[in-house]
1. Consider Ala190 carefully, then state whether it is loosely packed, with under 15 Cβ neighbours inside 10 Å and aliphatic (A, V, I, L, M).
2. When only residues in region 128-144 that are out of contact with any helix residue (DSSP H, G or I) (no Cβ under 6 Å at 6 or more places or on another chain) and of a type in the set (D, E, K, R) count, which is surrounded by the fewest Cβ atoms within 10 Å (Cβ to Cβ)?
3. Which of the residues spanning region 99-138 are closer than 19 Å to Gln57 by Cα and more than 13 Å from the chain's Cα centre (by Cα)?
4. How many residues does region 45-65 hold that are assigned to a helix (DSSP H, G or I) and either exposed (fewer than 13 other Cβ atoms within 10 Å of the Cβ) or in contact (Cβ under 8 Å) with a residue 40 or more places away in the chain (or both)?
5. Residues Ala115, Ala99: which one is under 16 Å from Leu7 (Cα atoms), surrounded by 19 or more Cβ atoms within 10 Å (Cβ to Cβ) and among the small types (Gly, Ala, Ser)?
6. Would you confirm, using the coordinates I've provided, whether Ile165 is buried (at least 16 other Cβ atoms within 10 Å of the Cβ) and over 15 Å from the mean Cα position of the chain (by Cα)?
7. If a residue has to be surrounded by fewer than 15 Cβ atoms within 10 Å (Cβ to Cβ) and either on the phi < 0 side of the Ramachandran plot or assigned to a helix (DSSP H, G or I) (or both) to count, how many in region 145-154 make the cut?
8. Search region 90-105 for residues that are over 18 Å from Asp20 (Cβ atoms) and part of a helix (DSSP H, G or I) and pair each with any residue that is basic (Lys, Arg) and at pLDDT 95 or above when their beta-carbon atoms are under 8 Å apart and the residues are at least 6 apart or on different chains.
Amino acid sequence: MKKNKRLVLFDFDGTITKKDTLFAFIRFSVGWLRFYQGMLYLFPWLAAYKLRLIPAQKAKEHMLSYFFKGTSQQDFEKKTKAFTRKKLHSLIRPRALAAIAKHQQEGASVYVCSASANWINEWCRKQDLAVINSELDFDDKKIFSGKLIGRNCNGSEKLARILTIIDTSEFNEIIAYGDSKGDFQMFSIADKAHYKPFRKFR
């Protein structure tokens, strides 16, 4: 017999936040001028992604490589902590934060499951949230290679990681929150799926 346990899965970008955090993190880290210079340079890859000519992971890796390849893990973590402290809080949807707190108070196991990588980890840690997400590849000298470790944590990969990390048979109810087709596979294991639940309330 299953224990009376609840698992709650939250997508991050667009669900907990008001907008994509990758662009916000880059702008914060490198400044507006370098950000827009980079966007001009990266336009062919971003356009190819929008036209579905290349996968999201390839476009993401081009972007991360352009701005951060060669950055030490220590310096990158400093950037993520500053981003969390000075900017990320302003992107969080208050109703999403309230929903997270409610589930935690009720004793649920709450996870953030996201394609966003290391720049959301500090926020999740501060909110006492477990996180399953894309991971940046730092080499044996702890220098960022410009690549992700494995696949981008979205769609089928998001579901695969959830099932690898979490024994879902331990829970008698699974609730999922998301805002895009990249969350539909996650929804497939949920007893209750909430699509764009906080959008109209900001």
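The values are calculated or read from the model by the stated rules, or taken from the named source; none is laboratory data. Just so you know, these numbers come straight off a predicted model, no measurement behind them. Because the Cβ atoms are built from the backbone with ideal geometry, glycine has one as well, and the counts that use them run over all protein chains shown.
1. no
2. Asp140
3. The answer is Asp137, Phe138.
4. Total satisfying the criteria: 9.
5. Being under 16 Å from Leu7 (Cα atoms), surrounded by 19 or more Cβ atoms within 10 Å (Cβ to Cβ) and among the small types (Gly, Ala, Ser) holds for just one of Ala115, Ala99, which is Ala99.
6. no
7. Final tally of qualifying residues: 1.
8. Cβ pairs passing all conditions: His103/Arg6.
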